Structures are given as C-alpha cells and as structure tokens.
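J.: Sharing a structure, written as structure tokens. Questions coming.
Here, each number is a calculation from the coordinates, and none is a lab measurement. All figures in this text were calculated on a predicted structure; none of them were measured in a lab. Here the Cβ is made from the backbone with ideal geometry for all residues, glycine too, and neighbour counts use every protein chain on show.
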Amino acid sequence: MILVDSSIILDIFTEDPKWFGPSAAKLAALGVKMPLAINAIIWSEVSAPLASPEDAEQRLSAYKVLPRSEEHTSELQSPDH
C-alpha cells in the first residue's frame, strides 16, 4: 500500500499545468501494483478546497482512508519496493 501525499492529489484535482501529467501517470502506474491510501491529515488537506464533504467523498473514493492506528504499519511501502 502506498500513502499518497496531498500535493500529488491536488496536482490532479486542480489539473496543474506543470504537474498534472507526471502526477497522474505515476499514480496510475503505482495503483496497478498496489492500493493507494490517504490518512486523515491528507484527506483534510485535499478536501478543504472542494465544494462539499460529498464532493470530497466522491473524489477521494479511489483511496483507502487509513484509520490513525494503521498510519505507521509495515503495510505501507515506498514506491521503489
């Protein structure tokens, strides 16, 4: 499982002219290999600029939201492993 940083998700959500392509490509490649996850902090950072909690739920549904007790487990891996 890979914990995805909020900056990568925001690159995609905002369709950043410089980073959308590389960020989307990397997530797509990694998502085929293992599940993508976010934690409560990342969820908060990414959902803050969205229109509503329902919008956040929909847009973040592709990611497993880790409970606080799972954030530092050995299940998380770096993309190079």
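J.: If you filter the stretch 11-44 for chymotrypsin sites (Phe, Trp or Tyr not before Pro), then keep DSSP loop positions with at most 12 other Cβ within 10 Å, what is left?
T.: For chymotrypsin sites (Phe, Trp or Tyr not before Pro) across the stretch 11-44 that sit outside H, G, I, E and B with at most 12 neighbouring Cβ atoms in 10 Å, the list is empty.
J.: Here's a follow-up. Subtracting the Cα-Cα distance from 0.36 nm times the residue separation, let me have the gained length for residue 57 to residue 10 in nm, one decimal.
T.: Full extension of this stretch gives 15.5 nm more.
J.: Within the stretch 1-40, what residues put their amide N at less than 16 Å from the label point 7 Å along the Cα-to-Cβ vector of residue 64?
T.: Backbone N within reach: 1-5, 30-40.
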